[in-house]
Amino acid sequence: MISRTPQAPTDYYAILGLASTASPAEIRRAYRERARRVHPDVNRAPDAAARFAALTEAYETLADPARRRAYDLVRTGVADRAAWNGTGVHGAARRNGHTAPPAEPSVRGLDVHQTVRLSLREAAFGVDKTIVVPRREVCPTCHGTGAATGAAVRQCGRCHGTGRGHERGTECRQCHGNGVIPSVPCAVCGGAGRLEDTAEFPLRFPPAVEDNEVLRIKNEGDPGPQGGPRGDLHLHVEVASHPVLWRRGSEVYADVTITPEQAAHGGRIEVPTLHGSAHLRLPRDVADGARFVLRRKGLRLKGKWLRGDQHVTVHVADDECLEESENSHA
């Protein structure tokens, strides 16, 4: 029986004069440079049109991340199968009674999103916190391949080797995001190559973090399939509401309730601030909804010399509200 070595696909990297590790910017630059030289409008060679078509096909394949991953998978898979037939390291491994899965292109892991809840003061002044993040780790048994020892792998027909699902930020459900399917999956991870786990992060949250702000920590998300790099960790900050205070940037705001007597006679009242209690002097006959400013009782943002202010809105309680308040404290 004659064994056939599979035909290698067109070498798009060679057409563009690039290494297989070329960056997207290098791919664009190489295409522009060569297109100017081989375009049929400027190149009178008989094969100019065919060369330009091949150049365009190479560029369109390598410029698209998903198509490039699928092409790389086929390209490296063909090389591996050739070696498997006895012309390389895998051929030697086979002759020695061992098997090895083919090398796959590096695919970045998914990002991990975690919500972190901070108090108003923690968000304002910064805080040290240790957070626990659910994420996956590389399977220690198969070392991320998803395959049992000695098992072969084939390209996933659902995602065509990209490892990605139809929706953005999801993994292919058939191959668990690996891009390949093992003939015998790893008994520990079930072919996923990664296991559910948690990680602890001692973090320093900077001052003046805003509600709904997202802090990104690079390379601390899920590990990529087949030994690919980790994704990022995104921390979504939720600032807990304060009974009196809230803030926008460096400015702080407060609603304070006073009695009709305090509104009529004026005088000093205590107002909570981010820095502790402060005294506010009220004039006589304060109207409901009157606004006052406590200078420099806000926050000093990064790069600013002065603190912001605290803005105080005074609400005059009516007799019914006072009676309800007295009954609630009785």
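Bear in mind these aren't lab numbers, they're just calculated from the coordinates by the rules spelled out. Just so we're clear, the structure is a prediction, and the values are computed from it rather than from any experiment. No Cβ is skipped: glycine too gets one built from the backbone with ideal geometry, and neighbour counts run over all protein chains shown.
Label positions at Thr257 and Arg173, each projected 7 Å from the Cα along the C-beta direction, are separated by 5.2 nm. The ratio of the alpha-carbon radius of gyration of region 112-239 to the globular-protein estimate 2.2 N^0.38 Å is 1.29. Distance between the modelled labels on His39 and Ala53, one decimal in nanometres: 1.9 nm (7 Å Cα→Cβ projection). Here Lys218 is the anchor, and the lysines within straight C-alpha reach of less than 30 Å, apart from those fewer than 8 places off in the same chain, are Lys129, Lys302, Lys304. Look at the alpha carbon pairs under 8 Å that are at least 6 residues apart: their mean separation over the length of region 111-227 gives a relative contact order of 40 percent.
Note on Ser20 and Thr115: the model spin-label points, each 7 Å out from Cα along the C-beta direction, lie 4.4 nm apart.
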